[in-house]
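The block underneath contains the structure these notes are about, expressed in structure tokens.
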Ligand code: PFF
């Protein structure tokens, strides 16, 4: 079985795949809007601290367990368990992780479908297909259903091709394009009137908000969602890293890329919103806060692009290609979790597993599309606010309380022979053992 497992061919391949998982709608949409509605840079600082103090140690727990066990989340937690009870817990955590990540993908595919529709819209307008353009940008169940299916087909196709020829190949193509497009868009938006007001709204801190429990909860939720933690994604990607790789370093690079791109996205979204304001678009909701929900992406920004004239078509194309790329590199990492389990624990061939699970998730998405109001928010909140942080807590418990400490050190020593003398080994075990679980619980029960 081990021989048939995939492996990333290089550090760059892993970095692109893992940061591709981490960088998604959560960074480009969630982070900037969370920042704007939670006291600007006060949120940014809290987020940075939480991402490195809680997110990074939890990420490392997943990467280390994954690479050591070389298996999917269920099998991995099971194999580091030391007794019957912990094996049962391992099974439970692994399976709840699979269900959670599948549910995340089922709502993520809907939003990603909107991004694809808005990406096609400028092309339709270039071709003069006004009716089609209208259909693409009007929120209907039919449009949403069709684009869920299209998006899931892409996701399944990439996962069917495997770790190296699917995930790594596409992530190494798409991620550099994402960064390039993001930087170009920022540079362009900075030249427009109103951008500096947006920059101020983003970067001037309102420190009276730092002690607000809601800010802490939002920042923690954002950090765990953004780093794709708890649901086994990073554990599975960790299981495909070469034994020669220095894990603390590659983990830190993934966290840095994730946080860095979120901060960059803030430099785009907030200034763009204030540019929209300067051009007459309403950017505040009834309560006086910035529009942050779907309205931001599907009405405020498109209204801005429309006001820009001909260049607006190009800007819209660039922006929605950015969103589509970000979605796709995240969604493939989500699908990989149940697929790896089905291949390794259930003996299914990869293409069959990818197609069957892809169909089940697509049906779940369609169920949400056709029952949007009662289901969508519930699924989002349940998976990202309830399930993900708790699962992450349990993975930390496995790494620090159940797994043998010398085995962890041995694992880190691969690729980093001096590990036990380094800073990481002095701090991390204590962190995942005490600080992470207590902090997650504290914020959770707020
Ligand atoms: N990290 C992704 C984002 O920020 O959009 C979302 C995500 C990907 C969550 C993979 C969970 C996951 F397993």
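The values are calculated or read from the model by the stated rules, or taken from the named source; none is laboratory data. The shown structure was predicted, so the numbers you read here are calculated from the model rather than taken from an experiment. Quick reminder, even Gly has a Cβ in these numbers, built from the backbone with ideal geometry, and neighbours come from all protein chains shown.
For every residue, the table says whether it meets (1) more than 16 Å from the ligand (Cβ to nearest atom); (2) in a helix (DSSP H, G or I); (3) in contact with a helix residue (DSSP H, G or I) (Cβ under 9 Å, 6 or more places away or on another chain); (4) farther than 20 Å from residue 400 by Cα.
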| residue | (1), (2), (3), (4) |
| --- | --- |
| 39 | yes, no, yes, yes |
| 66 | no, yes, yes, no |
| 75 | yes, yes, yes, no |
| 103 | no, yes, yes, yes |
Q.
Would you confirm whether or not the stretch 266-277 contains a residue that is within 16 Å of the ligand (Cβ to nearest atom) and over 30 Å from residue 63 (Cβ atoms)?
A. no
Q: Determine if the stretch 188-208 includes at least one residue that is under 20 Å from the mean Cα position of the chain (by Cα), touching a residue at least 40 places away in the same chain (Cβ under 8 Å) and either on the phi < 0 side of the Ramachandran plot or loosely packed, with under 15 Cβ neighbours inside 10 Å (or both).
A: no
Q. Restricting attention to the stretch 361-375, does a residue exist that is within 30 Å of residue 164 (Cα to Cα), without any contact (Cβ under 8 Å) to a residue 40 or more places away in the chain and within 26 Å of the chain's Cα centre (by Cα)?
A. yes
Q: Could you tell me whether the stretch 298-312 includes any residue that is within 16 Å of the ligand (Cβ to nearest atom), in a helix (DSSP H, G or I) and within 26 Å of residue 200 (Cα to Cα)?
A: no
Q.
Of the conditions (1) modelled with pLDDT of 95 or more; (2) within 27 Å of residue 228 (Cβ to Cβ); (3) surrounded by fewer than 16 Cβ atoms within 10 Å (Cβ to Cβ), residue 314 satisfies every one except a single condition; which number is it?
A. (2)
Q.
Looking only at the stretch 120-136, count every residue that is assigned to a loop (DSSP other than H, G, I, E, B) and exposed (fewer than 15 other Cβ atoms within 10 Å of the Cβ) and tell me the total.
A. 2
Q | Subset of the stretch 399-408 [assigned to a helix (DSSP H, G or I) and either buried (at least 21 other Cβ atoms within 10 Å of the Cβ) or out of contact with any helix residue (DSSP H, G or I) (no Cβ under 6 Å at 6 or more places or on another chain) (or both)] | A | 399, 400, 401, 405, 406, 407, 408
Q.
Exactly one of these conditions fails for residue 231: (1) assigned to a helix (DSSP H, G or I); (2) in contact with a helix residue (DSSP H, G or I) (Cβ under 9 Å, 6 or more places away or on another chain). Give me its number.
A. (1)
Q. In this structure, is residue 345 free of Cβ contacts under 8 Å to residues at least 40 places away in the same chain and either touching a helix residue (DSSP H, G or I) at 6+ places or on another chain (Cβ under 9 Å) or surrounded by 20 or more Cβ atoms within 10 Å (Cβ to Cβ) (or both)?
A. no
Q.
For the stretch 326-342: of the residues being in contact (Cβ under 8 Å) with a residue 24 or more places away in the chain and more than 12 Å from the ligand (Cβ to nearest atom), which is farthest from the chain's Cα centre (by Cα)?
A. 341
Q: Write out, first by first residue and then by second, each pair whose Cβ atoms fall under 9 Å of each other, whose residues are 6+ apart or on separate chains, and whose first residue, in the stretch 224-249, is over 14 Å from residue 57 (Cβ atoms) and touching a residue at least 24 places away in the same chain (Cβ under 8 Å) while the second is assigned to a loop (DSSP other than H, G, I, E, B) and near the ligand (Cβ under 8 Å from one of its atoms).
A: 225/24; 226/23; 226/24; 228/24; 237/228
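Does residue 285 satisfy being closer than 29 Å to residue 382 by Cβ, surrounded by fewer than 20 Cβ atoms within 10 Å (Cβ to Cβ) and more than 16 Å from the ligand (Cβ to nearest atom)?
In short, yes.
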Q) Given the residues 424, 376, 382, which is the only one that is in a helix (DSSP H, G or I), farther than 19 Å from residue 238 by Cα and at pLDDT below 95? A) 382
Q | Residue match in the stretch 212-224 (condition: under 18 Å from residue 7 (Cα atoms), assigned to a helix (DSSP H, G or I) and away from the ligand (no atom under 16 Å from the Cβ)) | A | no
